[in-house]
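Some notes on the structure that comes next.
The values are calculated or read from the model by the stated rules, or taken from the named source; none is laboratory data. Keep in mind it's a predicted model, so treat the numbers as computed, not measured. Please note: Cβ atoms are built from the backbone with ideal geometry, for glycine as well, and neighbour counts cover all protein chains shown. Keep in mind that these areas ignore ligands, DNA and RNA; they rest on the heavy atoms of the full protein, side chains included. Shrake-Rupley method; radii C 1.70, N 1.55, O 1.52, S 1.80 Å.
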Amino acid sequence: MSEETATRKRGSEYLYETLVDVGVKLLVGIPGTQTLPLDRTVAERNDIEYVMARHETAVPHVAWGYHEASHQVAATITVPGPGDTNAAHGLKNALDDNVPILHISPIPNHDEFGRHPIHELEHETFDHVVKANITVESPIQFQEQIKWGIKTALAPPTGPVRIGIPRGMLAQPIDSPAANVSVERINYVADDALARVVDCLADAKRPLLYVGGGARRSPDGPDGVAELASVLDAPVAASYKGKGVFSEDDDRFLGVTGGDLPAGARTVFETADVVLALGTNFDGPNTANWSIPMGETLVHVNLDPAEIGAAYDADIAVVADVGEACKQLAENLDSRDVAAGWDGSELATAVRTEYGECLRAAGLLDEGPPVASPGLLRAVREVIPRETVVTTDIGGHRIWSKNVFEAYAREELITAGSWAGMGVGLPSAIGAKLARPDRPVLTLTGDGSLMMCAQELHTAAEYGLDLVVILFNDADYGVISKAMHPEDEGNRHQFKWTSPDWTAVAEGYGCRARKVRTLSDLREATEWALETDGPTLVDVNVDPNEPTAVDFTSYETEVDPRSF
């Protein structure tokens, strides 16, 4: 045997070693005939943990939650064709949220395409679902293209990459030379633009910081935002993806944007003379379909130049990392005479106090029964440890959580951005617990959203994961039902159903469960769930007639921002 032959490796071995080299410790997947070459290699070695989900849709959601909780990157693998298309939902969610995932698709061999092999699907199907859609063309390019794909996923702005590898290359020894790969990145010089921003903020009397997902992704994002808010004494608002970047027990925290933005907070946006948008893309859900005003002057800082000017015209545009930009701005402003302006702490506190008083006056914090979503969220927040990692699914409970459920750090609140597909809450909690076994993990989910991923209760049970599922049970797609006939109070349950016995469902999957009807019972059950080994579910009867979070914000605000 020649030396060359002796050193040849199977493609799966090259792939495995490259994943290990970049720090991948988790592979999430569902096995199929095509995935077996990599599955065997993972089973033979000890550097990567393999976690098997129960549905391919959940596979990238687990990897997404894993990254959000820890900043670590996971790899995923499904069969091609139906496996890939099931995973596409989660990959697009990760793309919109700038979460890197390395998705492996063991596609048919090149000479089989066009002859209808099993699971055949055109490569370009996924071009708009991932940051890069790569097909390994030949053994000689194997290492080069694998490394290029990984580096592309990890290069800011980060995102998921799909790597299609012919199954024969994974299974057989191949000749593939080592390759040093670099991904080109354009570095914009932002000094002049930042100098203009310094002048603008120094003269501002009513500055407002608006924090988005770019601040979440920036290594120094939270510290930079906090430092700049302190220098300016500015209130801080957040988008869905910005929630948690700025601690919500800081008096300057104003609220989370969207159609449910508290009425007083909306007046702050209207009154601001400068809105400094930090890493947001102004998508429809966050801006109530672009209806939230952005002050007199808009400064937009974003790492992706394509996002600047796409939704709102910026008066000053800065292409830069949010954390770096904030620290540079704070440093320069610290040596300047900054105009005396509004008191950000008193203003934001007044807005949030008014919102809370309106919730209480409307009976939405009552003990029950029935329990309303805001009361449920407040009760859970009171009970769980501060360091708990909380994930949300999509639905009315998630919209309420934005301004009712406090978050204190970006790794501790995991929620989707504008893709907003249901069925993400439980899988992302599984990923978060795999990433942070030392932390309590809890997911907030509706019964409609849990129906889209309930089988993952079995995943959590099989792996013995200590996580808590808080189920908002109104037996309805509540937000959609109430939007169907908004003027007809007697016909607001168009899409209701007979609720399954969720405690029996959870127990059937190997979890423990309780059903509660009051907030006092919920507090006790949540404490029980946190102390119980393995996954638990707390089924809470939620008032199906409660208002939506968006409808609720129609109250008349008495906050006058100019008086602060």
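What number of residues in the stretch 55-76 are assigned to a helix (DSSP H, G or I) and open to solvent by 20 Å² or more (accessible area, probe 1.4 Å)?
Adding up the residues that qualify gives 1.
Considering each of 46, 86 in turn, give the residue that is in contact with an Asp or Glu (Cβ under 6 Å, 6 or more places away or on another chain) and among the polar types (S, T, N, Q). Lay out the reasoning, then the answer.
On the way: 46 fails: in contact with an Asp or Glu (Cβ under 6 Å, 6 or more places away or on another chain).
86 is the lone residue from the list that is in contact with an Asp or Glu (Cβ under 6 Å, 6 or more places away or on another chain) and among the polar types (S, T, N, Q).
Regarding residue 381, is this residue surrounded by fewer than 22 Cβ atoms within 10 Å (Cβ to Cβ), in a helix (DSSP H, G or I) and either out of contact with any Lys or Arg (no Cβ under 8 Å at 6 or more places or on another chain) or among the aliphatic types (A, V, I, L, M) (or both)?
Values: surrounded by fewer than 22 Cβ atoms within 10 Å (Cβ to Cβ): yes; in a helix (DSSP H, G or I): yes; either out of contact with any Lys or Arg (no Cβ under 8 Å at 6 or more places or on another chain) or among the aliphatic types (A, V, I, L, M) (or both): yes.
Yes.
Condition (residue is in a loop (DSSP other than H, G, I, E, B), open to solvent by less than 10 Å² (accessible area, probe 1.4 Å) and on the phi > 0 side of the Ramachandran plot) applied to the stretch 423-434: is it met by at least one residue? Walk me through it before giving the result.
Filtering the stretch 423-434 for residues in a loop (DSSP other than H, G, I, E, B) gives 423-424.
Pick out the ones that are also open to solvent by less than 10 Å² (accessible area, probe 1.4 Å) and you get 423-424.
From what's left, on the phi > 0 side of the Ramachandran plot: 423.
The answer is yes, given that some residue of the stretch 423-434 is in a loop (DSSP other than H, G, I, E, B), open to solvent by less than 10 Å² (accessible area, probe 1.4 Å) and on the phi > 0 side of the Ramachandran plot.
Answer yes or no: is there a residue in the stretch 537-549 that is under 30 Å from residue 433 (Cβ atoms), touching a Cys at 6+ places or on another chain (Cβ under 8 Å) and open to solvent by less than 70 Å² (accessible area, probe 1.4 Å).
yes
Of all helices (runs of 4 or more DSSP H) completely enclosed by the stretch 451-564, which ones contain at least 1 residues that are under 30 Å from residue 343 (Cβ atoms)?
549-552
Just the residues that are in contact (Cβ under 8 Å) with a residue 40 or more places away in the chain, assigned to a loop (DSSP other than H, G, I, E, B) and among the charged types (D, E, K, R), please, taken from the stretch 435-450. Spell out how you get there, then give the answer.
As a first pass, look at the stretch 435-450 and keep what is in contact (Cβ under 8 Å) with a residue 40 or more places away in the chain: 435-436, 439-450.
So of that shortlist, the ones also assigned to a loop (DSSP other than H, G, I, E, B) come out as 436, 439-440.
Selection gives 436, 439.
Scan the stretch 18-47 and report the pairs whose first residue is in contact (Cβ under 8 Å) with a residue 24 or more places away in the chain and over 26 Å from residue 119 (Cα atoms) and whose second residue is open to solvent by 40 Å² or more (accessible area, probe 1.4 Å) and among the β-branched types (Val, Ile, Thr), with Cβ atoms within less than 9 Å and a gap of 6+ or a chain change.
Close Cβ pairs satisfying both conditions: 45/20; 47/20.
Give the stretch 385-404 a look and list any residue that's among the acidic types (Asp, Glu) and over 16 Å from the mean Cα position of the chain (by Cα), or say none.
Of the residues in the stretch 385-404, the ones among the acidic types (Asp, Glu) are 387, 393.
The answer is 387, and nothing else.
In the stretch 313-326, how many are crowded, with 19+ Cβ neighbours inside 10 Å and not hydrophobic (A, V, I, L, M, F, W, C)?
2
State yes or no: is residue 530 among the aliphatic types (A, V, I, L, M) and open to solvent by 20 Å² or more (accessible area, probe 1.4 Å)? If you could, list the steps in order and put the result at the bottom.
Details: among the aliphatic types (A, V, I, L, M): yes; open to solvent by 20 Å² or more (accessible area, probe 1.4 Å): yes.
Yes, satisfied.
Given the conditions (1) in contact (Cβ under 8 Å) with a residue 12 or more places away in the chain; (2) farther than 22 Å from residue 351 by Cα, which single one is not true for residue 199?
(1)
Just wondering, is there one or more residues in the stretch 34-45 that are of a type in the set (Ser, Thr, Tyr) and more than 18 Å from residue 461 (Cα to Cα)?
Scanning the stretch 34-45, I find at least one residue that is of a type in the set (Ser, Thr, Tyr) and more than 18 Å from residue 461 (Cα to Cα), so the answer is yes.
Could you list, in sequence order, the residues of the stretch 384-402 that are of a type in the set (Ser, Thr, Tyr) and assigned to a strand (DSSP E or B)? Even if it seems obvious, please write down each step before you answer.
Residues of the stretch 384-402 that are of a type in the set (Ser, Thr, Tyr), as a first pass: 388, 391-392, 401.
Matches in the stretch 384-402: 391, 392.
Whether any residue in the stretch 471-485 is under 30 Å from residue 435 (Cα atoms), open to solvent by less than 50 Å² (accessible area, probe 1.4 Å) and among the aromatic types (Phe, Trp, Tyr) is what I want to check. Write out each step before concluding.
From the stretch 471-485, those under 30 Å from residue 435 (Cα atoms) are 471-473; that's our starting set.
Right, trim to open to solvent by less than 50 Å² (accessible area, probe 1.4 Å) and you get 471-473.
Now restrict to residues that are among the aromatic types (Phe, Trp, Tyr): 472.
Yes, because at least one residue in the stretch 471-485 is under 30 Å from residue 435 (Cα atoms), open to solvent by less than 50 Å² (accessible area, probe 1.4 Å) and among the aromatic types (Phe, Trp, Tyr).
Among the residues of the stretch 295-339, write down those that are in a loop (DSSP other than H, G, I, E, B) and of a type outside the set (A, V, I, L, M). Walk me through how you get there before you give the answer.
The initial filter retains those residues of the stretch 295-339 that are in a loop (DSSP other than H, G, I, E, B), namely 295-296, 303-304, 308-315, 320-321, 335-339.
Matches in the stretch 295-339: 295, 296, 304, 309, 312, 313, 315, 321, 335, 336, 337.
Matching residues to (1) within 20 Å of residue 385 (Cβ to Cβ); (2) hydroxyl-bearing (Ser, Thr, Tyr); (3) without any contact (Cβ under 8 Å) to a residue 40 or more places away in the chain:
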{"residue": "464", "(1), (2), (3)": "no, no, no"}
{"residue": "480", "(1), (2), (3)": "no, no, yes"}
{"residue": "497", "(1), (2), (3)": "no, no, yes"}
{"residue": "502", "(1), (2), (3)": "no, no, no"}
{"residue": "505", "(1), (2), (3)": "no, no, no"}
{"residue": "511", "(1), (2), (3)": "no, no, no"}
{"residue": "527", "(1), (2), (3)": "yes, no, no"}
{"residue": "538", "(1), (2), (3)": "yes, no, no"}
{"residue": "546", "(1), (2), (3)": "no, no, no"}
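State yes or no: is residue 25 of a type in the set (Lys, Arg), under 23 Å from residue 97 (Cβ atoms) and either surrounded by fewer than 22 Cβ atoms within 10 Å (Cβ to Cβ) or more than 21 Å from the chain's Cα centre (by Cα) (or both)?
On the way: of a type in the set (Lys, Arg): yes; under 23 Å from residue 97 (Cβ atoms): yes; either surrounded by fewer than 22 Cβ atoms within 10 Å (Cβ to Cβ) or more than 21 Å from the chain's Cα centre (by Cα) (or both): yes.
It is true that residue 25 is of a type in the set (Lys, Arg), under 23 Å from residue 97 (Cβ atoms) and either surrounded by fewer than 22 Cβ atoms within 10 Å (Cβ to Cβ) or more than 21 Å from the chain's Cα centre (by Cα) (or both).
On the basis of being farther than 14 Å from residue 53 by Cβ and touching a residue at least 40 places away in the same chain (Cβ under 8 Å), does residue 81 make the cut? Give the derivation first.
Numbers: farther than 14 Å from residue 53 by Cβ: yes; touching a residue at least 40 places away in the same chain (Cβ under 8 Å): yes.
Considered against the rule, which asks whether it is farther than 14 Å from residue 53 by Cβ and touching a residue at least 40 places away in the same chain (Cβ under 8 Å), residue 81 comes out as yes.
Only residues that are open to solvent by 10 Å² or more (accessible area, probe 1.4 Å), touching a helix residue (DSSP H, G or I) at 6+ places or on another chain (Cβ under 7 Å) and outside any loop (DSSP other than H, G, I, E, B): list them for the stretch 200-215, please. Show your work before the answer.
Within the stretch 200-215, the subset open to solvent by 10 Å² or more (accessible area, probe 1.4 Å) is 200, 203, 205-206, 213-214.
From what is left, the residues that are touching a helix residue (DSSP H, G or I) at 6+ places or on another chain (Cβ under 7 Å) are 206, 214.
214 - this is the single residue of the stretch 200-215 that is open to solvent by 10 Å² or more (accessible area, probe 1.4 Å), touching a helix residue (DSSP H, G or I) at 6+ places or on another chain (Cβ under 7 Å) and outside any loop (DSSP other than H, G, I, E, B).
From (1) over 21 Å from the mean Cα position of the chain (by Cα); (2) closer than 17 Å to residue 312 by Cβ, pick out the condition that doesn't hold for residue 285.
That leaves (1) as the condition not met.
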